[in-house]
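S.K.: Here's a structure for you.
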Amino acid sequence: MLACIRKLKDEFESSIASMELEEPEGNTLQIADEIVEKLTNEFHDHARENLNMIRCAVHTLQLAILDVINKRNEMVKQVTEIAKRCKNIKYKTSFDYHQATYPPVWCQTRWGGIYKMLDSFLEQKPFFTQLGQEFPEQDLSSSWEFIQQYVEAFKPCYICTKKLQEAHVSLSDFYMEWLMTICSVRKLENNPFSHELTEALTNRLTNLRCSMAFKMALYLDPRFNYQNSKIFTNEEKDQIQV
């Protein structure tokens, strides 16, 4: 998608160059000028920002998550190393006997991989506790609290991301899902990640709402724009309607 906008612009410029070499017939030149004017506006930097905003909504949700904790976190590194070692041949008998599944080692381009790895450990805690007792290098005793808190705090974000990946949703539906996620995270008052994650999600969503395209989507949705709704100021309503 990052390359798509540039590619379209290149194709557009090539088409215009070809048109200039051809001899126009009838009102072809006038039509071409109108097309050029409209497409030029679309490829203007201001328009490209709006296009980027629309396609990056889910990605922005993931950035909010990485604002709180990412692959550089020491606990994440520690648990990841244990996950990688699980594939060692000397642990195979234990995994086979208990019919345990290997924790997935996350991909660096997807934050959700960290969540799935930690969730896999948590779901099989009795097995990995026993494995750690037998093989000290696989001991997770100092990590279980972190794993528990991480999975609890980030589960609403993971669920929201999966929903948005499974089906196309409008910007207003995305906005509603994000608000519900913030609400779920905020309720986890005793979780050490709750406050920081709530703040990160709120700040990222606020930045998205600065886009006129996003405002227009919410303005057309009666769940947000209704009589006496406070979501828009009178000035914002005037700007949107223009």
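The values are calculated or read from the model by the stated rules, or taken from the named source; none is laboratory data. All figures in this text were calculated on a predicted structure; none of them were measured in a lab. Here the Cβ is made from the backbone with ideal geometry for all residues, glycine too, and neighbour counts use every protein chain on show. Surface accessibility is based on the protein's heavy atoms, side chains included, excluding ligands, DNA and RNA. Shrake-Rupley method; radii C 1.70, N 1.55, O 1.52, S 1.80 Å.
S.K.: Looking at ASP173, ASP238 in this structure, which one is assigned to a helix (DSSP H, G or I), exposed (fewer than 14 other Cβ atoms within 10 Å of the Cβ) and not hydrophobic (A, V, I, L, M, F, W, C)?
M.R.: Being assigned to a helix (DSSP H, G or I), exposed (fewer than 14 other Cβ atoms within 10 Å of the Cβ) and not hydrophobic (A, V, I, L, M, F, W, C) holds for just one of ASP173, ASP238, which is ASP238.
S.K.: Separate question: Considering each residue of region 59-113, count those that are under 15 Å from PHE146 (Cβ atoms) and of a type outside the set (Gly, Ala, Ser), and give that number.
M.R.: 16
S.K.: Of all the residues that make up region 70-79, how many are open to solvent by 10 Å² or more (accessible area, probe 1.4 Å) and either of a type outside the set (Lys, Arg) or touching a residue at least 12 places away in the same chain (Cβ under 8 Å) (or both)?
M.R.: Adding up the residues that qualify gives 6.
S.K.: Can you work out which of the residues in region 151-168 that are in contact (Cβ under 8 Å) with a residue 60 or more places away in the chain and more than 21 Å from PRO192 (Cβ to Cβ) is surrounded by the fewest Cβ atoms within 10 Å (Cβ to Cβ)?
M.R.: Going through the qualifying residues, I end up with GLN165.
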